[in-house]
Amino acid sequence: MKRSPHERRIQAFSVFFAAVPFAFALIRAGQTGYDLRYLWVALASLLGAMVVVSVGKGYGRGPRAAFVLSAGAFATATLFAVLAALLLGTTFGPGVLVVASGFGFCFAVSCWLHMRTRPRPI
């Protein structure tokens, strides 16, 4: 099925938002020269969002379903990011929550945009 130019732009924005946490991870690794913790946190956060999208994509295709899935992706991606940070030895605190929720937000927006471009059933 061919996508319209508008849907392709939305899909490109979806990919952009999903790439933002990895961009921050690469910037951090470049600044320190050795610190790859943000990369692992971004991967864990992406995994959390992917779990929600893969499990929930069959439940609906409307705006409500897109919102619910993106909210679930935010919560799960944030939780996975916090868990990954804690497993890497980071002390739990506001910094972990800010980074994890920022990554979760990026993946939630990406999920919401992705759900908007899915084809509707006939």
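The values are calculated or read from the model by the stated rules, or taken from the named source; none is laboratory data. Since the structure is predicted, the reported quantities are computational estimates derived from the model, not experimental observations. Note that we place each Cβ from the backbone using ideal geometry, even for glycine, and neighbour counts take in every protein chain shown.
Here is how the numbers come out for the structure above:
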| read-out | value |
| --- | --- |
| Answer residue from region 77-96, given it is under 19 Å from the mean Cα position of the chain (by Cα) and among the β-branched types (Val, Ile, Thr) and is farthest from Cys111 (Cα to Cα) among those | Val96 |
| Among the candidates Ala49, Ala71, residue that is within 22 Å of Arg116 (Cβ to Cβ) and either loosely packed, with under 15 Cβ neighbours inside 10 Å or modelled with pLDDT of 95 or more (or both) | Ala71 |
| Qualifying residues in region 29-46 (those that are surrounded by fewer than 16 Cβ atoms within 10 Å (Cβ to Cβ) and touching a helix residue (DSSP H, G or I) at 6+ places or on another chain (Cβ under 7 Å)) - the one nearest to Leu87 (Cα to Cα) | Trp40 |
| Within region 25-50, tally of residues that are farther than 24 Å from Val68 by Cβ and either aliphatic (A, V, I, L, M) or touching a residue at least 24 places away in the same chain (Cβ under 8 Å) (or both) | 11 |
| Residues that are over 17 Å from the mean Cα position of the chain (by Cα), within 19 Å of Val98 (Cβ to Cβ) and assigned to a helix (DSSP H, G or I), drawn from region 30-73 | Gln31, Thr32 |
| Lone unmet requirement of (1) modelled with pLDDT of 95 or more; (2) more than 14 Å from Leu47 (Cα to Cα); (3) among the aromatic types (Phe, Trp, Tyr) for Phe80 | (2) |
| Residues (within 23 Å of Ala12 (Cα to Cα) and of a type outside the set (Gly, Ala, Ser)) located in region 86-117 | Phe103, Phe105, Cys106, Phe107, Val109, Cys111, Trp112, Leu113, His114, Met115, Arg116, Thr117 |
| So Ala18, is it over 13 Å from His114 (Cα atoms) and either surrounded by 14 or more Cβ atoms within 10 Å (Cβ to Cβ) or touching a His at 6+ places or on another chain (Cβ under 6 Å) (or both) | no |
| Number of the exception - Leu79 against (1) in contact with a helix residue (DSSP H, G or I) (Cβ under 6 Å, 6 or more places away or on another chain); (2) part of a helix (DSSP H, G or I); (3) touching a residue at least 12 places away in the same chain (Cβ under 8 Å) | (1) |
| Output for region 82-99, where each listed residue is among the β-branched types (Val, Ile, Thr) and free of Cβ contacts under 8 Å to residues at least 12 places away in the same chain | Thr91, Val98 |
| Tally of residues being touching a residue at least 24 places away in the same chain (Cβ under 8 Å), more than 20 Å from Gln11 (Cβ to Cβ) and of a type in the set (A, V, I, L, M) across region 55-76 | 2 |
